[in-house]
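Computed from the coordinates by the stated procedures, all read-outs in this text should not be read as laboratory data. Nothing here was measured: the structure is a model prediction, and the numbers come from that model. A quick note on method: Cβ atoms are made from the backbone with ideal geometry, for glycine too, and the neighbour counts reach across all protein chains shown.
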Amino acid sequence: MLTTYLTRTKQLLQNPAAPVSLYSDADLTEYINIARGQMAGEARCIRYQATLNTVIGQRPYPFSSLNTGVSSTNGIAGALHIRSILYAVGTGQQWIEARAWQWFAFFYLNDPIPSTGAPDSWSQYGQGASGSFYLDPIPDFVYNLTCDTVCYPIDLVDDTTVEAIPYLWTDAVPFFAAYYALLSAQSSARLADAERMYNYYQTFAQRARQAANPVVNPGMYEDSEDPTKLNKIGLVPAKGGNQ
């Protein structure tokens, strides 16, 4: 996949071949991996049901303790945030309610004699790849958690590296990589070209989201288009368009 990304990015940049190449493959590879990480965070397109066994008496857990599978097999480097958590009960699972950190801190951490038991609430504290979350009550047993996580990918080093970003979002990556490359030129003309590439990136990323969304509930993901946006800003949809 790395060769494909490099080829597409060079085509967008109209990067000539050596000896007058404007951007080296090493630099473009770095830009591609930056683009992939940004795409994973913005589009939330890499999902994984990560697992974690709680520790008796331990309330906080870093994202690094989540089992997100084998990176060389699924291409996942780690979690960016958690969407929901359940824990195993018998042959089924029990949902744990998510709370805002300020609420969690006031009602649960603000307690000189904290309770113990099966977790019924959680809250994220640390952010991004070095994030963390807290549980309440404090676990009194080893509970097996299943966390619906949004993840970021490992860096591509060659064509044998597994790509975790799904199609159609892979089509948007070269535009962001080209945007980053053009920013490095630091000239007004190149900066204008960079802005155009970023706009194309956003277009392709949004198209990927719309294509991936289910028809029954097309607005279920945060980066979906607002179906009521036209009404909110006082515009009338074009004839024959979505109402």
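Figures for the structure shown
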{"item": "Strands (runs of 3 or more DSSP E) (entirely within segment 117-172) containing at least 2 residues that are of a type in the set (Phe, Trp, Tyr) and in contact with a helix residue (DSSP H, G or I) (Cβ under 9 Å, 6 or more places away or on another chain)", "result": "132-136"}
{"item": "Extreme residue, farthest from Ala43 (Cα to Cα), among residues of segment 117-149 that are among the aliphatic types (A, V, I, L, M) and crowded, with 18+ Cβ neighbours inside 10 Å", "result": "Ile138"}
{"item": "Check on Thr29, among the polar types (S, T, N, Q), within 30 Å of Asp193 (Cα to Cα) and in contact (Cβ under 8 Å) with a residue 60 or more places away in the chain", "result": "yes"}
